[in-house]
C-alpha cells in the first residue's frame, strides 16, 4: 500500500521559479591576442606594485636619514654612511619615477581589455 504525501510535503517540494535576467556577450578571439592583452595587464600591475614598493622603501630610508646620528662603523666614517644612505635615497627616487612613468604609460584595466576585444582591436 502506497502512502500519499501530505499536503505540507507537496508544498515544500514544489519546483522553484527560476528567472533568467542575464545578458551575456560572447567574445571569440585568438589565443595570441589574449596573451598579448594579458601581458599588457600584467605589466601594468607589475609597475603599479613596483611604484608602491619603492615608495615604501623611500619612506623608510628617509626616516632613517632624518632620525639617525651616523657614527663610524666597519672602518667607514659617519659621513660615508650618510652619503651611502643619500645615494640609496636618490637611486630609489629615480626608480620610483621610472616605475610611475611606465605605470601611467602602460595603464590597462580589465574593462579596457574587454572593450578593445569588442571593438576588434588587437
Computed over the chain, the convex hull of the Cα set has an average projected area, in nm², of 19.7
Angle check, please: helix 78-105 long axis (alpha carbons) against the longest principal axis of the chain (alpha carbons), in degrees 0 to 90, nearest 10.
40
Return the calculated 222 nm mean residue ellipticity for the chain, to the nearest 500 deg cm²/dmol, obtained by summing -39500 (n - 2.57) across DSSP H runs with n ≥ 4 and dividing by the residue count.
-23000 deg cm²/dmol
Relative to the first principal axis of the alpha-carbon coordinates of the chain, what is the inclination of helix 110-119, with its axis defined by its Cα atoms, in degrees from 0 to 90 and to the nearest 10?
60
For a paramagnetic label modelled at 7 Å from the Cα of residue 27 toward its Cβ, which residues of the stretch 73-115 fall within the zone defined by backbone nitrogen distances under 13 Å?
109-115
Computed over the chain: longest principal axis from alpha-carbon atoms vs helix 31-67 long axis, angle to nearest 10 degrees, is 40
Among 20, 102, 49, determine the one that fluctuates most according to a GNM of the chain built with springs between C-alpha atoms less than 10 Å apart.
20
Sites residue 60 and residue 114, calculated FRET efficiency, Cβ-Cβ separation with R0 30 Å, nearest 0.05
0.20
Which order, highest average first, do 30-42, 53-65 follow once you tally other Cβ atoms within 10 Å for each residue and take the mean per peptide?
53-65, 30-42
Let me check against my output: what whole-number percent is the relative contact order of the chain, with C-alpha pairs under 8 Å and at least 6 apart?
37
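Bear in mind that the values in this text are calculations on the coordinates, not laboratory data. Nothing here was measured: the structure is a model prediction, and the numbers come from that model. For neighbour counting, all protein chains shown are included, and Cβ atoms are generated from backbone atoms with ideal geometry for every residue, glycine included.
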